[in-house]
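A short write-up of the structure that comes next.
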Amino acid sequence: MANNVSIADEGKKQFIVVKIGGEQYGIDISYVDNIVRMQNITRVPKVQPYFKGIINLRGEIVPVMSIRTKMDLEPDEITDVTRIIILKLEEHGVLGILVDEVKEVVTLGPDEIDKVSYDAKSNKNNFINGVGKNGEELISLFDTNSIIDETEAV
């Protein structure tokens, strides 16, 4: 993939495209601190079901969350391509999220992102704030803050 587009281009954003189940999701690269291979996760008792536990990442304790469980999808299947994406969030510190696979990094401009409308009757958070169009592929774009904020509120 040739990337001769300057990041300074007006309004363009980069997203890491990950696979969860059969779908592709984009995570704003500005939140991503690191991508690590699957490792032993130490379980923690009496936490929300979507928290898998904690890992020790170079001396830092990082909580790890299952995005699949959080979104009411089928349970995680750990494979050779499963990764933990380490998100760095100003107010909440660090958080790891399990993804089935990391695909690529894409740059999307404002004309390639459609905002999603929310059903006002539903109180349920849908975690997606837009859909990116990368050629023929559609990528659901995570609202990283809504994933984290709900995590903290529960």
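When GLN39 is evaluated against the numbered criteria (1) open to solvent by 70 Å² or more (accessible area, probe 1.4 Å); (2) assigned to a loop (DSSP other than H, G, I, E, B); (3) not small (Gly, Ala, Ser), which criterion, by number, is the only one it fails?
Only one criterion in (1) open to solvent by 70 Å² or more (accessible area, probe 1.4 Å); (2) assigned to a loop (DSSP other than H, G, I, E, B); (3) not small (Gly, Ala, Ser) is unmet by GLN39, namely (1).
This table checks each residue for (1) more than 24 Å from VAL131 (Cα to Cα); (2) open to solvent by 60 Å² or more (accessible area, probe 1.4 Å); (3) in a strand (DSSP E or B).
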residue	(1), (2), (3)
GLY11	no, no, no
ILE27	no, no, yes
GLN48	yes, no, no
ASN56	yes, yes, yes
GLU74	no, yes, no
ILE85	no, no, yes
LYS103	no, yes, yes
THR107	no, no, yes
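I'm checking my understanding of the structure. Among residues of the range 10-36 that are of a type in the set (S, T, N, Q) and without any contact (Cβ under 8 Å) to a residue 60 or more places away in the chain, which one is farthest from LEU138 (Cα to Cα)?
ASN34
Looking only at residues in the range 111-139 that are of a type in the set (S, T, N, Q) and open to solvent by 100 Å² or more (accessible area, probe 1.4 Å), which one is modelled with the highest pLDDT?
Within the range 111-139, the match that is modelled with the highest pLDDT is SER117.
The values are calculated or read from the model by the stated rules, or taken from the named source; none is laboratory data. Just so you know, these numbers come straight off a predicted model, no measurement behind them. Every residue, glycine among them, receives a Cβ derived from its backbone with ideal geometry; neighbour counts consider all protein chains shown. The protein model used for the area step is the full one, side chains on, heavy atoms only, and it has no ligands, DNA or RNA in it. Shrake-Rupley method; radii C 1.70, N 1.55, O 1.52, S 1.80 Å.
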